[in-house]
Amino acid sequence: MNLAPRSAGLAVAAIAATSAMVLTAIPAPAETANYTGAGERWAGSQIAKHEGVHGVPPSGRYGPADQTLGHDVSGWQGDVDWPAAAKTGAKFVYVKATEGTGYRSPRFAQQYNGSYETGLIRGAYHFARPDVSGGAAQADYFVNHGGGWSADGKTLPGALDVEYNPYGETCYDKSPAEMTAWIQAFSDRYHELTGRHPTIYTSTNWWKTCTGNSDAFGSTNPLWLARYAPEIGALPAGWPTQTIWQWADAGSLPGDQNYFNGSQERLQKLATG
């Protein structure tokens, strides 16, 4: 009897089976992206560095009659005194919730829930990281960690913050076509999950540089434009007007200062959907 071939075959089969078991037991690798400084990063933190601060709008030009005052905050502000913010005149706020697919703001609950309980209309925003994962995956992460929307009349559609890359190349090493597709994937997925198109936060200069001044979003996504100057200046292609102007990176309210382009009643309609 020649048992060697059969024994060898059994040994090989056993090794193969063991290898298969080992392979299936190995978990998916954790994300290795760099999130250094994410807790101190806010909407516009990179825009101020790249584009500068050139003044503020005259108080008479943008007053309560045609603009509604609000602000945005992140973990950088810590726990916010929401009754004081409301007393100062804030009517709405956007709160940083997430970044990429690996960072959640530890201050989000206090800021997001506290503003709601004080009577402000609030929304969440996501700091885009096109260098670490796809747009749809980041929309999932955002919605799963506070970035959803509800038709309660007090919740703004979530916002996508797309601005200069804090870790490297300005456009995250993406061509204008690739960046536009990434933003579209985020927007489409967010709309699928919530029924709303996300607000897009950006600056005109970054948008022209990194999307080729795409006009693909003007008819669907509200524009939240950053420019720290007396006038808002030119808008990105496709948007006839801004919905929100982030006009200063500091002021009487915690965080950045914003004007909603319209009355509080119109702001309410944006929240209601």
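The table below lists the values:
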{"item": "Breaking point among (1) buried (at least 18 other Cβ atoms within 10 Å of the Cβ); (2) of a type in the set (Phe, Trp, Tyr); (3) over 18 Å from Phe260 (Cβ atoms), for Trp76", "result": "(1)"}
{"item": "Among the residues listed as Tyr35, Tyr103, the single one being at pLDDT below 95, out of contact with any Lys or Arg (no Cβ under 8 Å at 6 or more places or on another chain) and farther than 18 Å from Ser252 by Cβ", "result": "Tyr35"}
{"item": "Among residues of segment 131-183, those that are of a type outside the set (A, V, I, L, M, F, W, C) and assigned to a loop (DSSP other than H, G, I, E, B), counted", "result": "22"}
{"item": "Test: residue in segment 99-106 that is small (Gly, Ala, Ser) and free of Cβ contacts under 8 Å to residues at least 40 places away in the same chain", "result": "no"}
{"item": "Selection count where residues are closer than 19 Å to Ala33 by Cα, touching a helix residue (DSSP H, G or I) at 6+ places or on another chain (Cβ under 9 Å) and of a type outside the set (Ser, Thr, Tyr), scope segment 126-159", "result": "15"}
{"item": "Any hit, segment 190-197, residues being in a helix (DSSP H, G or I), of a type outside the set (S, T, N, Q) and touching a Pro at 6+ places or on another chain (Cβ under 7 Å)", "result": "yes"}
{"item": "Matching option when the condition is under 16 Å from Ser150 (Cα atoms) and open to solvent by less than 10 Å² (accessible area, probe 1.4 Å), among Tyr112, Tyr94, Tyr116", "result": "Tyr94"}
{"item": "Residues located in segment 248-273, provided they are farther than 28 Å from Gly195 by Cα, open to solvent by less than 70 Å² (accessible area, probe 1.4 Å) and not in a strand (DSSP E or B)", "result": "Asp249, Ala250, Gly251, Leu253, Pro254, Gly255"}
{"item": "Count of segment 138-178 residues which are touching a Pro at 6+ places or on another chain (Cβ under 7 Å) and either closer than 15 Å to Gly100 by Cα or among the hydroxyl-bearing types (Ser, Thr, Tyr) (or both)", "result": "4"}
{"item": "Selected residue [of a type in the set (Lys, Arg), touching a Leu at 6+ places or on another chain (Cβ under 9 Å), closer than 23 Å to Asn144 by Cβ and open to solvent by 10 Å² or more (accessible area, probe 1.4 Å)] from Arg122, Arg107", "result": "Arg122"}
{"item": "Enumeration of residues in segment 231-273 that are among the polar types (S, T, N, Q) and within 20 Å of Ala85 (Cα to Cα)", "result": "Gln246, Ser252, Gln257, Asn258, Asn261, Ser263, Gln264, Gln268"}
{"item": "From Thr209, Thr241, Thr220, residue being within 17 Å of the chain's Cα centre (by Cα), surrounded by fewer than 19 Cβ atoms within 10 Å (Cβ to Cβ) and either in a helix (DSSP H, G or I) or not charged (D, E, K, R) (or both)", "result": "Thr220"}
{"item": "Any chance Thr194 is in contact with a strand residue (DSSP E or B) (Cβ under 6 Å, 6 or more places away or on another chain), within 24 Å of Val95 (Cα to Cα) and of a type in the set (Ser, Thr, Tyr)", "result": "no"}
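The values are calculated or read from the model by the stated rules, or taken from the named source; none is laboratory data. None of these values were measured; they are calculated from a predicted model. No Cβ is skipped: glycine too gets one built from the backbone with ideal geometry, and neighbour counts run over all protein chains shown. Accessible surface is based on the protein model in full, side chains and every heavy atom, while ligands, DNA and RNA are left aside. Shrake-Rupley method; radii C 1.70, N 1.55, O 1.52, S 1.80 Å.
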